Amino acid sequence: MFDYSKLADYAKLTQVADQLAIERHNKLKGDRCAFFDKIRAHLIEEMKKANAELRKRGAAALIDQNHLPTYSEELFLTYGTDSLCRVGLGVRGGGCQITAVISGPPNGYEISKKEYTCSQDKLCGVILSEANGRKPAAPSLPDEIAIDIVSAILMGRFN
């Protein structure tokens, strides 16, 4: 006869651990969303500044935001009709990760990508694609991240 008491104890421990993981994830999600909202607000301000300069220079294209309700943790920024920058929120380690991907002509594939990771204490650093393998000095605050993203959209790639 098999001893199901050991399996029952194990199942109970697994349930408790799963519940703790869910609670921890929900707590982190609240922090991440607040940080992403700050970046969103700064991106909108930087877009307004960039568009004002583009208008002064008589540029045919402006930076615009496309709102897709089902993508609450992502922003879609366009420059004209060719270039798209998708800014998304994700989880990495103990904090959040903001990923900005520029796609464009001629085929709509990814042109450039940059990842911004943020720890719980809200101090951020930048990690370029894993292929690069190095951590340069880069933006660390939501307003600096927004400036970096808007600048990259205008240049067509991240540095």
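Key figures
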item: Members of the stretch 64-82 that are within 19 Å of Lys113 (Cβ to Cβ) and more than 18 Å from the chain's Cα centre (by Cα); result: Tyr79, Asp82
item: Enumeration of residues in the stretch 63-109 that are surrounded by fewer than 12 Cβ atoms within 10 Å (Cβ to Cβ) and part of a strand (DSSP E or B); result: Asn66, Tyr109
item: Members of the stretch 45-60 that are surrounded by fewer than 16 Cβ atoms within 10 Å (Cβ to Cβ) and part of a helix (DSSP H, G or I); result: Glu45, Lys48, Lys49, Ala52, Glu53, Arg55, Lys56
item: Condition broken by Ile39, with the remaining ones in (1) at pLDDT 90 or above; (2) assigned to a helix (DSSP H, G or I); (3) farther than 28 Å from Asn107 by Cβ satisfied; result: (1)
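The values are calculated or read from the model by the stated rules, or taken from the named source; none is laboratory data. In this text the structure is predicted, and so the values were computed from the model without any measurement. Note that each Cβ is placed from the backbone with ideal geometry, even for glycine, and that neighbours are counted across all protein chains shown.
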